[in-house]
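To start, the structure itself, in C-alpha cells.
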Amino acid sequence: MIKEVAKNHRNQLVIVWDNFDFTETVHYESLSKPSQHFSATTGLMVHSQHIPAEGIRLTEFNSEIPLDSSVFYYAPGNSEDQTQYQARLYFFFEAIRYTHPGVIDKIFGANSSSRPRFPHKQCLEPNKTVRYEMGPIMENENSVSGTLSVMNHILLQVLGYDIEDPEFGQYIQLTYGDQKTVSLVQSVKRMRKYSEHVYERFQSFLPIPGLFHYKMNFIDLIFSHFSGKGEQQRCPSSVKHNEHHMGIAKGNVLPFHHKEQVLTRCFDARVLAMLYDNIQDSTEVDTTDVDEIEEYLQTLTPDEFLEKLSSMVRHTFSKEALSPFNTNDTSVDQTHRVSCQFLDVMVTYRELKHAIKFGDIGYLKRLFPRIAMIFAGSNKTKYCGITLYMTWLLETEAASQTLKHAILANSLVNTSGRKDGFYEIDRLNEFTNYRLRLLMKSRSSNEELKDLFRRMALSSAYTAIVKEGLEEFLRI
C-alpha cells in the first residue's frame with residue numbers, strides 16, 4: 001500500500017523522520033545476555049493537501065538569495081502594532097479568567113463580543129491528515145553517512161523512484177525533522193552538490209525544522225534563563241523559586257511538559273499580581289482577600305475592566321519596563337523589570353503555541369524573525385541558526401509563495417478534524433516512536449531487537465488502532 005501511494009501521489013508527499021534509540025537493560029547482566037542498545041530511524045509520509053497535484057518544481061526555490069538584516073528591522077512580528085497589542089491583551093485576559101472564571105463570566109455575560117480575541121491571520125481548514133508509516137529504516141541517522149543512507153532508502157525503497165527518469169530530482173521533497181536532522185541533510189547536500197548524476201546530489205530534499213522541537217528548545221531557553229543560578233534562584237522573581245513555592249519541584253532533569261506547565265502558571269501569577277497591585281493602588285480593597293477582590297471585580301463594567309487590562313499591558317510592555325538595567329543600581333525595581341521581561345518572552349511562546357493549535361500559518365510566519373532575535377540573545381546558537389534559515393525561506397524571495405505556504409502548512413497535522421486540533425508534524429512522529437518503545441519493552445527474551453523492530457515498525461499503527469478499539473469496547 002505504501003508503494004502504491006508513493007507511486008500515485010509522489011509529488012504531494014511530505015516526509016518526516018527521526019532517530020529511534022532503544023536500550024534494553026537486564027536485571028542480571030551476563031556475557032551470554034548483556035544489555036542491548038539499538039539505533040534505527042522511523043519516519044512518516046503525509047499526503048499533503050497543501051501541495052498542488054503537479055507538485056512544486058525545484059525552480060521555485062533559489063538558494064542564492066541572501067538574507068538582509070533589514071528583514072528583521074521591518075518584520076511585522078518585531079513591530080509594536082495593533083496585532084501585537086491584541087495578542088498581549090488576549091493572554092492577560094486568559095490569565096485572569098483562569099483564576100477568576102466566574103467573575104469574568106459575570107462581567108462579560110451579556111457582552112461576550114467585547115471579550116479580547118486572539119488576532120488570527122490565516123488559519124488552515126481543519127481537514128484530517130492522511131499519513132502512512134514508512135516502515136523500518138535500519139540506518140542510524142545520527143551521522144552524515146547514516147543520513148545519506150536514510151535518504152537513499154527513502155528515494156529508492158519507499159518512494160520507488162527510477163533514477164533514470166528525466167523528471168527525477170525536478171520536484172521539491174519537503175523533509176521535516178529536528179535541528180540535527182536538518183543540519184545533517186544540509187551537510188549531505190553540500191557534500192554532493194557537484195556530483196555528476198542528479199540522483200547523487202539530493203538537491204530535491206528541502207529540510208525544514210519541526211515546530212515541536214522549536215517549542216521544546218524555546219521552553220528550555222525561558223526556563224533556564226529565568227531560573228537563574230546559585231543565589232539567584234532564591235529571588236522571588238526566579239522561576240526556580242516559584243517552582244519550589246508551588247511545591248512541584250522535580251530536580252534538575254525536567255521533561256518538556258513540566259517546564260511548560262510551570263512557566264504557564266508563573267505567567268498567570270505575574271499577571272494576577274499586576275492586577276492586584278492596580279486594584280490596591282486605586283481602591284481600598286484588601287488584595288489578600290480573594291472574596292473581596294472578586295466582589296470588587298464584579299462591580300466593573302466590561303469597558304472599565306478592559307481599560308484596567310489595557311493599562312496593565314501598556315505598562316508591562318513599555319520601553320522603560322523592557323529596557324536593560326544595571327544589576328548594581330539599587331534605584332531600579334529589578335523584580336518588576338525581570339517580571340516584565342519574562343512576560344514579554346512568554347507572550348511570544350504562547351503566541352507560537354496558540355498559532356500551532358489553531359493552524360494559523362499567517363501568524364506563525366510573523367513570529368520567526370522575533371524568535372530568531374530571542375535565540376540570538378541566548379546560548380541556543382544552533383536554533384538561532386535554524387530560525388535564521390526559516391526567516392530566510394519565509395521572508396525573502398528564496399522560495400515562491402506556493403512553496404512558502406507549503407512549508408508552513410505541512411509543518412502541522414490534524415488527526416481529529418477540529419479547528420483547534422492542529423499540532424506539529426514532528427510530534428506525530430514522536431508518537432510513533434513512543435508506541436514502538438512500548439511494544440518493544442514487552443518482547444520475550446528469545447527475540448532479537450532488530451527483528452522485533454522490523455515487524456513493529458510496519459504494524460504499530462494498526463495495533464494501536466486495535467488497542468484503542470478494545471479499550472473503548474471494554475471501557476478500560
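Helix by helix through the chain, keep the DSSP H runs that span 15 Å or more along the axis on Cα and average at least -0.5 on Kyte-Doolittle, and give those back in order.
Length and hydropathy pass: 82-99, 179-191, 211-227, 256-282, 334-357, 361-376, 381-395, 449-474.
Need one number: nm distance between label points at residue 143 and residue 82, each 7 Å from Cα along Cα→Cβ, rounded to one decimal.
So the two model labels end up 5.7 nm from each other.
Using a Cα-Cα cut-off of under 18 Å, which aspartates and glutamates could be cross-linked to residue 106, ignoring same-chain neighbours fewer than 8 residues away?
Straight-distance partners of residue 106: 94, 291, 292, 294, 295, 303, 304, 307.
If the reach is capped at under 14 angstrom between alpha carbons, list the aspartates and glutamates near residue 7, excluding any in the same chain fewer than eight residues apart.
54, 162, 165, 167
If I model a spin label as a point 7 Å beyond the Cα along the Cα-Cβ vector, how far apart are those points for residue 286 and residue 258 in nm?
3.8
Determine the distance separating the Cα centre of the range 54-93 from the Cα centre of the range 179-212; give it in Å without decimals.
Result: 24 Å between the Cα centres.
Just subtract the alpha-carbon distance of residue 39 and residue 431 from 0.36 nm times their residue separation and send over the number in nm, one decimal.
139.4 nm
Find how much the distance from residue 451 to residue 474 grows on full extension, using 0.36 nm per residue of separation minus their present alpha carbon separation; answer in nm with one decimal.
Gain on extension, residue 451 to residue 474, equals 5.2 nm.
Counting only helical runs of four or more DSSP H residues, what would the 222 nm mean residue ellipticity of the chain come to if each run contributes -39,500 (n - 2.57) and the total is spread over all its residues?
-16500 deg cm²/dmol
Relative to the compact-globule scaling 2.2 N^0.38 Å, provide the ratio for the alpha-carbon radius of gyration of the range 115-171.
1.85
How far apart, in nm, are the 7 Å Cα→Cβ label points at residue 193 and residue 418?
Reported label-point gap for residue 193 and residue 418 is 4.6 nm.
Identify all lysines with a Cα-Cα distance to residue 189 below 22 Å; exclude those on the same chain that are fewer than 8 residues away in sequence.
Residue 189 reaches 180, 382, 404.
Rounded, prolate or oblate: which fits the range 365-425, taking a ≥ b ≥ c as square roots of the Cα gyration tensor eigenvalues, rounded meaning a/c under 1.5, else prolate when a/b beats b/c?
In terms of gyration-tensor shape, oblate.
Tell me the Rg and the Dmax, in Å, that the Cα atoms of the range 77-142 produce.
Both quantities, over Cα of the range 77-142: 20.7, 61 Å.
Report, by chain and number, residues whose modeled amide H sits under 5 Å from the one on residue 177, excluding near sequence neighbours (fewer than 5 apart, same chain).
Counting only residues 5 or more places away or on other chains, the set is 208, 210.
Note the direction-averaged projected area, equal to a quarter of the hull surface, for the Cα convex hull of the range 275-353, in nm².
Dividing the Cα hull surface by four gives the mean projection, 7.0 nm².
Work from the charge dipole of the chain (Cβ charges, +1 for Lys and Arg, -1 for Asp and Glu, about the Cα centre) and give the residue of 154, 274, 225 farthest towards its positive end.
154
Read the figures in this text as sums done on the coordinates, not as results from a lab. Computed from a predicted structure; not experimentally measured. Counting neighbours? That spans all protein chains shown, and the Cβs are built from the backbone with ideal geometry, glycine included.
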